[in-house]
Amino acid sequence: MIERVVAGSVPKKHHVQLKDPSGHLHFEQCITQDGFEAPYTITYHRHAPHRQLRAPTSHGFGGRVAATTDGLAKRHFLSQRLEASTKSPIDARVPLLFNADVTLGVLKPGAADPVYFTNGDGDDLFYIHEGGGTLRTLLGDLSFGPGDYVFVPRGILHRFIPTAGVPQWWLVIECRGGLHLPKQWRNGVGQLRMDAPYCHRDFVKPTFMGPLDEGLRECVVKRQDVFHGFTVKEAPLDVVGWDGTVYPWKFNILDFQPRVGLTHLPPTWHGTFAARGALVCSFVPRPVDFHPEAIPCPYPHSSVDVDEFIFYCKGNFTSRRGVSPGSMSYHPAGVPHGPHPGAYEASIGSKDTSELAVMLDCALPLQVTAQAQALEDANYHASFVP
């Protein structure tokens, strides 16, 4: 997705023999997208990766089930109320909002994944609000910490190893139609433009470790929101080399280079990642609008084509009151939304903002789960009336 990577031992061409010095023939595995028409990665295994036995599994997280709501309203969910879990990441996800394109959730895991996991439903984008650890995949290890976006492509076998003894608090966005970098930040050959808000150097790739046997033989695959268990005879992390453009990466939110205008710029200028039916934006500390009569606070607006979701990370949220790190606002299309009373006027004369937040604009209506309702601030909609 970012650029081609080659690691370890690979043959001279695709689909030709790769043998070790003893003459052992390795197995090629093609991890492809959009059939065979889009980006792909090829891995080379000591053993056949497709020889699996079906087995029961006790692992998996809650499904996407819509709850009955009390009608259309601006909503505020407090993930602060979600208690820390002793579960591993594969079991600790709590889905909160979803549509056909994305699922938004939060997890506060307390243990390492005891199995390998493959998401067959979509790409996963994690935002690490608190905590850190290691993402272990067949393509190598990727360490991560607070403020990192961590991307796991659909079909990549992996497990998370959170840092022991460190509180964890992650936002997760499952992208059912894939995740990519917005086309406006790329040139004609796919390279990031020089005026893009980030560069290739900002994206950290996994460190290839070579074959590794952790003693784990259970693999779990999620497909159509059902978790399926499999066992394998040999270690799944038996890759001797790989190359391609489908791989995990991390990107720290503070490496996003914000735009500043004479007057207020729309959220699209903060667009960081794009998915089918959604744009992921990063709001980072920055100077504000510099017209002598500028109103830096976001103006009230009616986005009749998108639902808006914001995860507040830290800083001074000038347009909102009653929100704190971990707050999540949901403003559905059709209902005008904007700053809380007094915030619009009070922003005049401001020179900068310290806000840090992750936002999604979603083309399809988001549905609320019962888990989200349990975290809802029931007074939020009325709080916009002075």
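Any read-out appearing in this document is the output of simple, stated calculations on the displayed coordinates, not a laboratory observation. The structure presented is a predicted model; accordingly, all values stated were derived computationally and were not measured. So basically every Cβ, Gly included, is an ideal-geometry build from the backbone, and we count neighbours across all protein chains shown.
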Net length gained if the chain between S350 and A374 were fully extended (0.36 nm per residue, minus Cα distance): 5.0 nm
14 Å cut-off, amide nitrogen to a point 7 angstrom out along V385 Cα→Cβ, residues in region 45-80: 73-74
Under the rule a/c < 1.5 gives rounded, and otherwise a/b versus b/c splits prolate from oblate, where does region 101-176 land using the Cα gyration tensor? oblate
Compare the Cα positions of T43, G71, V323 along the charge dipole of the chain (+1 at Cβ of Lys, Arg; -1 at Cβ of Asp, Glu; about the Cα centre) and return the one farthest towards the positive end. T43
Overall dimensions of region 3-56 as given by Cα atoms, namely Rg and Dmax in Å: 13.3, 40
Using 0.36 nm per residue of separation minus the Cα-Cα distance, give me the extension gain between T134 and A66 in nm, one decimal. 21.2 nm
Taking the Cα centre as origin and putting +1 on Lys and Arg beta-carbons and -1 on Asp and Glu beta-carbons, what dipole magnitude results for region 254-384, to the nearest 20 debye? 200
Cα shape, region 254-384, gyration tensor, a/c 1.5 rule: prolate
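Under the 0.36 nm per residue contour assumption, what length would be gained going from the current alpha-carbon distance of T207 and H50 to full extension?
Extra length from T207 to H50 when fully extended: 54.1 nm.
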Listed values [x] 68, 54, 53; [y] 76, 45, 38; [z] 81, 52, 35, entry calculated as Cα extents along the principal axes in Å: [y]
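Output the relative contact order of region 292-381, whole-number percent, from Cα pairs under 8 angstrom with separation of 6+ residues. Intermediate results must be reported in sequence, preceding the final value.
Working: 145 pairs, mean separation 35.5, N = 90.
Relative contact order, region 292-381: 39 percent.
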Classify region 251-309 as rounded, prolate or oblate, taking a ≥ b ≥ c as the square roots of the eigenvalues of its Cα gyration tensor: rounded when a/c is under 1.5, otherwise prolate if a/b is larger than b/c and oblate if not. oblate
Sequence-distant or interchain residues sharing an amide H contact under 5 Å with G178, placed H: which? D123, R276
Contact order relative to length of the chain, as percent, for alpha carbon pairs under 8 angstrom and 6 or more apart: 21
Local charge sum around L82 (other residues, Cβ-Cβ under 15 Å, Lys/Arg +1, Asp/Glu -1)? -1
Across region 106-252, what fraction of all alpha-carbon pairs, as a whole percent, falls in each successive 10 Å bin from zero upward? 11, 38, 37, 13, 2
Quick one: Cα centre-to-centre distance for region 88-153 and region 192-261, in angstrom? 11
Taking the Cα centre of the chain as origin, sum charge times position over the Cβ atoms of Lys and Arg (+1) and Asp and Glu (-1), and report the length of that vector in debye to the nearest 20. 640
Given 64-76, 294-306, the highest-first ranking by average Cβ count within 10 Å works out to 294-306, 64-76
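When the helix-only estimate is applied to the chain (DSSP H runs of n ≥ 4, each -39,500 (n - 2.57), divided by the residue count), what is the mean residue ellipticity at 222 nm, nearest 500 deg cm²/dmol?
So the calculated ellipticity at 222 nm is -500 deg cm²/dmol.
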Of the residues V284, L254, A363, the Cα lying farthest along the dipole of region 254-384 towards its positive end, which is defined by charges on the beta carbon of Lys, Arg, Asp and Glu, belongs to L254
